[in-house]
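The values are calculated or read from the model by the stated rules, or taken from the named source; none is laboratory data. For clarity, every value in this text was computed on a predicted model and none was experimentally measured. Here the Cβ positions follow ideal geometry from the backbone for every residue, glycine too, while neighbour counts run over all protein chains shown. In case anyone asks, the SASA skips ligands and DNA or RNA and just uses the protein heavy atoms, side chains included. Shrake-Rupley method; radii C 1.70, N 1.55, O 1.52, S 1.80 Å.
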Amino acid sequence: MNLRTITTVVACLCASHSFAQEQSTAKFGKLTPEDFKQTVYSLDSNANAIVLADIGSTEIDGAKMGELWLEYKRYKRIKILNKNGYDVANVEIGLYTNGRATEELKGLKAVTYNLENGKVTETKLDMDAGIFKDNINKHLVVKKFTFPNIKEGSIIEFEYKIKSDFISNVQPWDFQGQYPCLWSEYEVNLPEFYYYTTLSQGYQPYYIDTKEEKSGYYALPGGNMYQAAADDKFSSIVHEHRWVMKNVPPLKAEVYTSTIMNHLSRVEFHLSEYRYPYIARSVIGNWQELSEKMLKDDNFGYSLGRGNGWLGNEMSDAIKGVKDPMEKAKNIFTYVRDRMTCTDYDRIFTDRMLRVVLNSRSGSEAEINLILTAMLQKAGFAADPVMLSTRDHGYAMELYPILEKFNYIICKVKINDQDYLLDASHPMLGFGKLESDAYNGFAVVINEEATPFELATDAVLEPKVSSVNIINDEKGNLTGTMKQSPGFFESYKLRKQIKEKGKENFFNELKKDFNAEIEMKDPTIESLDSLSDPIAIQYDFDIKLNKEDILYINPMFSEALKVNPFKSAERTFPVEMPYTIDETYLLRMDIPAGYVVDELPKPIMVNLNDNADGFFEYVLSESDGAILLRSR
């Protein structure tokens, strides 16, 4: 290697080291009038607020005291650009609790800064009267506060620490959010005897991503979980990881997205193993171990597979003497669905005994579907609970059996060698049907095998057929018939809409969407109460035409797509369809009396790729005095 090459390498190394040491200039309480001057930022010129700095860190503390805990620090500074950004002044801090101990919030400071007469003024949060506590559930306590004296142009900042005795609860970090962020930084320093699985997601590049190692000295707190003697002091490698993102754009909701949480630039941690000086053991385990643990849990599977004599009267009321297995299962499903009211759709464990839940006639989706599972088992069916993550909760990953990645329980039952997925928590869901939100990829059956399977959106077909026939009546006017068969999910949505607002309102809305002035006659809806089947819509109509020299007619009528769903100039995350769409529109329309066709749109057929995984066709023609259209 020649001297010139050596010099180049050294220069690069020095530059890299200097770059990695770059820090945010934001410091708590250090503001000048200059900080208030800028009111529009090129990162997002329409932003209502902008995060100037968001900086956090996590490390293991207490090393020299014979006890270890996590210390999480956070500092955040935000500028409010207009009144629509006032929501950033509402802050919530979550604290984990197991009922006996709770994470501690320490050192909280929050200040609002305003520029008045050329000087920076500050208004501090009242620490006694301004902080509120909300017990969300048995594992989550939230501390809340609102910044005082906020105005357009205010700069707010806060900082705090969380002391946690729960070593597994390393705080995640969101680099991206509702508002643009100029500097987002997270640093994690963890000793190697705690091994965490790190999960990273998102599409924004790191400005800084560095890893270093140093030595740390620790004292064991005592106990029989160690290979070394209690109170021994030892050294351990500490892994330091620092991530920085700079000029991070806001993540805005787009159509055809499962949830933006799946695409948020984020890093999170899950304790996987204890290593020396602990007795080495895996924490994260495998799916079979997790499933076995859940089946034994008093708040999940303990009641399943047992005699459950308390269901005796319920079973006779539900089955009603039916012998056919399919009818018997449907009766049990209908009995649970129609008897119970769901109060929470985001649970995987029960809060009460299933017997108490059934008698109260209300419970979470987990409680309702576990009752359904218990009743099906009581009737002799092979039935098991299924754990999944709904689309708005984010993806669950088959690779890691992490309980927090799931939020929903349904039931799987085998009838005549065929599996059916059931959800009795929604009053208008039919047998063997799930809401589209449940189709979000990986799910697992909670049984001895912990059977995995996919709830894939591509496997769910949503067909829709609309047929329109329009003729010239004896008076020379156009009269027609619309017949429409929506798919299951659209039918499910329409059933809820009709139940809430009525049939008359539904048909009035259809009339508004028709793209022509019409008089609707004899509207009907079939299969409205057959919850497992699609509905069928039919109505007759007369089109009121102005007898002008030239008529312009939109042949799609009420089925035309009026708004392009993809409006963003740039989209950084994928299009995720909720199911496979297959919509067909057929039209036969007599040419109005006294008119001839002057022009028809050219036919078009488009394949999205060589395999025709997605396609569009729009074919118009004229034949025997009629216009024919097929759109799919």
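Here is how the numbers come out for the structure above:
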quantity	calculated
Extension gain from residue 569 to residue 201, taking 0.36 nm per residue of separation minus the Cα-Cα distance	130.2 nm
Accessible area of the stretch 514-632 divided out per residue, in Å², using a probe of 1.4 angstrom	66
In the stretch 515-601, the chymotrypsin sites (Phe, Trp or Tyr not before Pro) that fall in loop regions by DSSP, at most 16 other Cβ within 10 Å	552, 566, 595
Accessible area of the chain belonging to carbon and sulfur atoms, whole % at 1.4 Å probe	48
Of 565, 553, 612, farthest towards positive along the dipole that unit charges on Lys, Arg, Asp, Glu beta carbons give the stretch 506-632	565
Violating pairs (Cα-Cα greater than 25 angstrom) within the set 106/151; 293/405; 483/544	106/151
Given 501/562; 30/79; 328/433; 163/252; 138/211, the pairs whose alpha carbons are separated by over 26 Å	163/252; 138/211
Kyte-Doolittle mean at least 1.0 and Cα axial length at least 24 Å: DSSP H helices in the chain	3-20
Label-point separation, residue 275 to residue 361 (7 Å along Cα→Cβ), nm	5.8
Helical mean residue ellipticity (222 nm; -39500 (n - 2.57) per DSSP H run of 4+; nearest 500) of the chain	-4500 deg cm²/dmol
Å² of accessible area per residue within the stretch 19-102, as computed with a 1.4 Å probe and no ligands counted	53
Percent of C-alpha pairs per 10 Å bin, the chain, short to long	3, 12, 17, 19, 19, 15, 9, 4, 1, 0, 0
Full-extension gain in nm, residue 517 to residue 397, via 0.36 nm per residue minus C-alpha separation	38.0 nm
For the stretch 398-510, alpha-carbon Rg relative to the globular expectation (2.2 N^0.38 Å, N residues)	1.56
Theoretical gain in end-to-end length, residue 227 to residue 496 [0.36 nm per residue, Cα-Cα removed]	90.8 nm
Virtual spin-label span in nm between residue 139 and residue 298, 7 Å along Cα→Cβ	1.7
Two-site label geometry, residue 548 and residue 83: point separation in nm, points 7 Å out along Cα→Cβ	4.2
Cut-off 12 Å between beta-carbons: net charge of the residues surrounding residue 133, Lys and Arg +1, Asp and Glu -1	0
Average accessible surface area per residue within the stretch 344-478, 1.4 Å rolling probe, Å²	41
The chain: relative contact order as a whole-number percent, Cα under 8 Å and 6+ apart	9
